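The values are calculated or read from the model by the stated rules, or taken from the named source; none is laboratory data. Source: prediction; values computed, not measured. Cβ placement follows ideal geometry from the backbone for every residue including glycine, while neighbour counts extend to all protein chains displayed. For accessibility, only protein heavy atoms count, side chains too; no ligands or nucleic acids. Shrake-Rupley method; radii C 1.70, N 1.55, O 1.52, S 1.80 Å.
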Amino acid sequence: MIKLLSPTPLSLRQHNLSFMDCINLPQYSPIAFLYPKPENYNKNQISQILENSLSKVLSSYYPFAGRIKDNNTYVDCDDTGAEYLNVKINCSMSEILNNSSNDVADVVFQQDLPWCSTLNRSPLVVQLSHFDCGGIAVSASRHVDFKPSPQFNASTFFPLMDGGPNIMSINASLESQRHVSKMYNFSSSNLRRLKNSITGIQNPTRVEVATALIHKCGATASMENLGLFKPSLMSHVINLRPLIPLDTIGNATCGYSTIAMTENEIQLSNYVAQLQKIKQQVRNELKNLDMNQIVPYALGKMKGVVDMMEKDIFDIYLSTSVCNFGLYSKTNFGWGRPIKITYTKYPVKKSIILFDDPSEEGIDALITLPEDEMLIFQKDKELLEFTSPIPGTTK
């Protein structure tokens, strides 16, 4: 357990979670950063640097060293500390990254921890993994000459209220079928070609066109598997910053959905047009709201999505993007840029997670589908025209 360098004042002992935090699942979101062998450091030095750095950082991000209590409504900032694991992996990093029979996520994350509940345990777990080749994988360090200024005040913007949708039951219903994950890369050149292939759309973003193609290929695989077209609903989220300050810590998103009722509506031009229209509509509506109206608005949007999910007439896809977060260029643990950032599969049968590739101009897409549909999806000619499967990601 890594303790805080400076203890948390008693006046900050209870950190109230916001409404947005409470309606999200209390689970670990796993991410790993992989690096070549750091020069001029041995294993013990690397670990000691990370431990010291984490201790300093936790003094500013003190709720991450506490415990989530009372059914996900507050954090007891008791300075218990963050869990830290220092492990050895008996293979080289290249064996994992280049071997399609291995899943890198299984190796660099603590077994059974990804996407598990964080209730009554450390909200933050950091693992340092040493490979035989000297490469490392780390999920938390470097010396910085400024003091972080996170604001743990999200509950003032989004206070608790009754009437939240039952996300737990929806999530459970989406887990009932065996599912597999694969990762695909959209290179920057392929994204440009994909954009140019979509006519009648003004300035589509790389996230929009990648989402549309994955959805189309997923819907096509579902249709081939079922023998008929089934309407689909894809859930998206939009960041509520800068409606609230950028340094406010916590969940601050608003959900919305796109729906395809016919085969024609999954075509790329039609789907991107709908995605752009609904996203801009949500942005315009949010812009005209007072701060105290944002939570009821976001709640209404979420309830609408959940209500449609519960009708069981749609194929449900969950989509999120962490593109443009600067994970490669801005996240420096002291060893320069990572050579690879990876996630584990999301435990929902139809989900899409988009994040930057190492160039930060292309996109890596982690796609989870039912096993029988993935067998069809991975052979889709249009998908393979614009993407490349990434080795080591079949699960």
Estimated translational D of segment 257-375 in µm²/s (Stokes, Kirkwood radius over Cα pairs; 20 °C; 1.002 mPa s): 124 µm²/s
Cut-off under 5 Å, modelled amide H: who pairs with Leu119 long-range: none
Inter-label distance, nm, simple model (7 Å from Cα along the C-beta direction), Asp290/Ile259: 3.2 nm
Packing-based ranking, highest mean first, of 125-131, 21-27 given that Cβ atoms within 10 Å are counted: 125-131, 21-27
Accessible area expressed per residue, the chain, with surrounding protein chains retained (probe 1.4 Å, Å²): 47 Å²
Cα pair distances in segment 229-282, grouped into 10 Å bins until the bin that holds the longest one, percent each: 22, 42, 23, 12, 1
R0 of 25 Å, Cβ-Cβ distance Thr73-Tyr297: FRET efficiency to nearest 0.05: 0.70
Kirkwood Rh, Cα atoms: Rg over Rh of segment 214-258: 1.27
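Of all beta bridges DSSP finds with both residues in segment 1-148, what is the antiparallel percent, to the nearest 5?
Among the beta bridges of segment 1-148, antiparallel pairing accounts for roughly 65 percent.
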Where only alpha carbons of segment 1-134 are counted, the Rg and the Dmax (Å): 16.9, 52
Mean Cβ count within 10 Å, highest first, over the residues of peptides 116-122, 2-8, 197-203: 2-8, 116-122, 197-203
Computed lengthening from Met161 to Ile339, 0.36 nm per intervening residue step minus Cα-Cα distance: 59.8 nm
Too-long pairs where the Cα-Cα distance tops 29 Å, listed order kept, from Lys69/Lys311; Lys3/Lys182; Lys350/Lys379: Lys69/Lys311; Lys3/Lys182
Between segment 260-299 and segment 175-254, the alpha-carbon center distance in angstrom: 14 Å
Virtual spin-label span in nm between Glu39 and Val87, 7 Å along Cα→Cβ: 3.0 nm
Global size of the chain as Cα Rg and Dmax, reported in angstrom: 21.5, 62
